[in-house]
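The values are calculated or read from the model by the stated rules, or taken from the named source; none is laboratory data. It should be emphasised that the depicted structure is a prediction, and the values quoted were computed from it without experimental measurement. Cβ sites come from the backbone with ideal geometry, for glycine too, and all protein chains shown count toward neighbours.
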C-alpha cells in the first residue's frame, strides 16, 4: 500500500529515516523551535549587515552581544589571537568630526556585562576592501573596560567596528561613541593651559601627572581645607592628575558645565576649581578662587559625591569640601561671567585611575574667540568630477588667525588643505559630503565649522554601465542554494548593488537563493545605474513512486516492492530502511517478508546529491495459531504417534520454552529456543527429564512460550493424554 511520497534536498541521517514518519515530523518541528530559541543567528554577523550607529552624539548602546555570532569570513585582525574571528559582530559609523571617544564596557569590577578577552578592530573602506585602522586586544586577567580617543578620522568616511572574543568568552557588552572637535593636547600647568574660544564639547582621553608645578591650587578646597577638616587628614598636594583650561568671556552671562568621567564609574572622583585671572588670560599670578569642588566619598553611602560633577542651574553653594559633608551633591552654582574677564579651570582626578573626562558647557555667557565660516560655489553644475570652490569667510576681532585646516571629506581631491584659500576641490563620487574648516588664532583658539553639501551625480549619458552577473543554479529541486554574483562593465568603481529593491551596499554575492526571477541593480560612484532581470533555475524534481502488495498479507508471507523514478536519466543509488525483512537494502525492487505491519522508506540519491524519499506501508494479519496433539503413545510399535511436538503457521519463529508437567505439578520435560524450522527436533518422546525411564500412562499438562516473527511472545497451554 503506497501512503504517499515527499522530498527533501539534503541528506538525512539513517537514524532519522528509520523513525516513524509522524515522529520525524514532530522532531523536525521541535528541533526548529529549540534551535531558534537557543542559537538564533545575530543579524550584524558580518560587515555587509553591520549595525549602523546613525548619530555619534553621546551614543551608548544597550546590551550588545556576540553570543551565537559566527565567523564573518573576514581575515583575523592583526593583533587578535587565533580563533577570535569566529565570534565577531559588526557596527558602522560615519563621524561628523575628526575626534572620537570610544568607550567599551565588558567584564570587570562592578560590571553588569559579561564579554571577556575582548578583541576589537576598526576598519575604513568598503566591506569588500577593508583597511585596518586600529586593533585592540584585552588579555586574560585584565578588565574589559577601556577607552580610546582618535583625533584623525576622515569626516564623512564610513568606519567599521568589529567586536569579538575568544570562542568561550562570548557575552554582552556596551559600546559608547562620541565624536568631537579635537582641541590642543591638554596642559597641566595654569600658565600653559589650553585656551578655549567657544563652548564646544571636548574629550580628554586620560588624566595622568601634574605638570611642572604640583601645588598650583594651594589654599583651595583641593588642599583638604574645610570647616570639618582634621590636621593631617588630607595631603597638602592639590594636584594628583590635573589639566588646566583658560578662556575670556565674550558676553556677560551665566556658565554651567558637566564633567563626565570617561569610564562612567559611579566611584570615580573628579574635583575642580575655577579662578578669575585679573591680570589677563596669559597671567596666572594673583588668580582669584570663584568655585571649588573637592567632595568625595570616604563612606560607602556617599555615592552622591562621586561620578559626574560641575556647575548646574538650581545649585546655590560655591564650594564643597572633602568628605561629602551634609548638603553636598557634587555640583556647584553657575558662574556669572563678566564680558572681557578671563577665567581658568583646573580638573583633577582624585581617584588617580588614569581615566579622563568629557565636558559639556551650557549657560547664556559665551567665550571670546574667532568665528569660523566658509562657503562653497561652483562655476559648472554642482556635480562630481566638477570643480567646487571653498572660500573662507572666517573672522576674528580679538587676535590674528594664524592657521587654517580644511578637511573636505570622503571622495575629495585634495582631501585636506591648509591656508586661507580659496581652495578648488573635485569629488570623485556623488552623494552627501561633509566639509570642515578649523581655524586657530595666535593665542591658541581653535574653532571649527562643519557644513553639509550634496554632490549631484555626474553619470555620462554615453557611459554604458552593463550588468554581467554570474548565476549558480540550484543543486537540487527547491534546495535554496542558488547564487547570484553581481558584476558590471564600463562603470566607475566602487559599486553598490541591490537585489529586489533592497538597500544598496557593496555586497556583490547573494547566496541561499530559491529558483525564480530576481531584479539586480548596480550603482557606481558617479551615479550611473543599471537594472536587469536575473533568472536562477533549478533541476526538475525527482519523482519517486513505490508499489507493493495491495492486500493484507498473512504474517510471515513474502512479497516484493517495486520502485520507479523520473527523470530517467538520473544516476541514483538506493537505500531502504529498516533492513529487517528485506532481501536487499541497496536495490530498486527488494523481496520482503515483513515482521508484522511495517513502514518502509526508500531514499534515492542522484549524482548531484539530490534526494527523494517515499514511504510504503505493508499490512499483515494478526493470525497466530498453534497446533498441538492431545494424545501420544508410548508403544514402540506406534511410531507415528510416539512424539509430542507443537506446530504453527509461517508467522511463528521460535519456541522460547516448552514444558510438560505431571498431575502433581512436577516438571518432567523442558526444552528452550527451538526454531520452528529445525527439522531435527522431533519433540518429547515420553521420557522423564531425558532419562531412560518413561512416564506412566495418564493425563499431563504442557505449557509453551512462542515468539512470532513480529516479536510478540504468546503463552499456550493444553493437556496431553499418554497411552501405552
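Numerical summary
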| read-out | value |
| --- | --- |
| Number of positions in the range 151-166 that are surrounded by fewer than 20 Cβ atoms within 10 Å (Cβ to Cβ) and farther than 17 Å from residue 125 by Cα | 2 |
| In the range 484-493, the residues that are closer than 25 Å to residue 536 by Cβ and free of Cβ contacts under 8 Å to residues at least 40 places away in the same chain | 485, 486, 487, 489, 490, 491 |
| Check on residue 218, touching a residue at least 12 places away in the same chain (Cβ under 8 Å) and within 22 Å of residue 85 (Cα to Cα) | no |
| Flag if residue 498 is more than 27 Å from residue 611 (Cβ to Cβ) and either exposed (fewer than 15 other Cβ atoms within 10 Å of the Cβ) or more than 33 Å from the chain's Cα centre (by Cα) (or both) | no |
| Residue count, the range 555-593 (criterion: out of contact with any helix residue (DSSP H, G or I) (no Cβ under 9 Å at 6 or more places or on another chain), more than 24 Å from residue 624 (Cβ to Cβ) and touching a residue at least 60 places away in the same chain (Cβ under 8 Å)) | 0 |
| Tally, over the range 439-455, of residues that are part of a strand (DSSP E or B) and either modelled with pLDDT of 95 or more or surrounded by 14 or more Cβ atoms within 10 Å (Cβ to Cβ) (or both) | 11 |
| Selection from the range 399-416 of residues that are touching a residue at least 24 places away in the same chain (Cβ under 8 Å) and either surrounded by 16 or more Cβ atoms within 10 Å (Cβ to Cβ) or in a loop (DSSP other than H, G, I, E, B) (or both) | 399, 400, 401, 404, 405, 406, 407, 408, 409, 410, 411, 415 |
| Identity of the residue in the range 546-585, surrounded by 14 or more Cβ atoms within 10 Å (Cβ to Cβ) and over 30 Å from residue 652 (Cα atoms), that ends up farthest from the chain's Cα centre (by Cα) | 565 |
| Some residue of the range 301-318 being in the same structural domain as residue 245 (by TED's automatic domain parsing), in contact with a helix residue (DSSP H, G or I) (Cβ under 9 Å, 6 or more places away or on another chain) and surrounded by 13 or more Cβ atoms within 10 Å (Cβ to Cβ) | no |
| Count - residues of the range 638-662 that are under 21 Å from residue 688 (Cβ atoms) and either outside the structural domain of residue 688 (by TED's automatic domain parsing) or assigned to a loop (DSSP other than H, G, I, E, B) (or both) | 6 |
| Out of 391, 383, 366, sole residue that is more than 30 Å from residue 270 (Cα to Cα) and buried (at least 17 other Cβ atoms within 10 Å of the Cβ) | 383 |
| Failed item in (1) outside any strand (DSSP E or B); (2) surrounded by fewer than 14 Cβ atoms within 10 Å (Cβ to Cβ); (3) over 60 Å from the mean Cα position of the chain (by Cα), with residue 622 passing the rest | (3) |
| Members of the range 508-534 found to be assigned to a loop (DSSP other than H, G, I, E, B) and out of contact with any strand residue (DSSP E or B) (no Cβ under 6 Å at 6 or more places or on another chain), listed by number | 514, 524, 525, 526, 527, 528 |
| Filtered residue count, the range 632-668, keeping only those that are surrounded by fewer than 18 Cβ atoms within 10 Å (Cβ to Cβ), over 16 Å from residue 705 (Cα atoms) and free of Cβ contacts under 8 Å to residues at least 60 places away in the same chain | 13 |
| Subset of the range 645-667 (residues that are over 22 Å from residue 714 (Cα atoms) and touching a strand residue (DSSP E or B) at 6+ places or on another chain (Cβ under 6 Å)) | 662 |
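To keep it simple, each residue is scored yes or no on (1) touching a residue at least 40 places away in the same chain (Cβ under 8 Å); (2) under 21 Å from residue 204 (Cβ atoms).
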site: 280; (1), (2): yes, no
site: 314; (1), (2): no, no
site: 326; (1), (2): no, no
site: 335; (1), (2): yes, yes
site: 353; (1), (2): yes, yes
site: 357; (1), (2): yes, yes
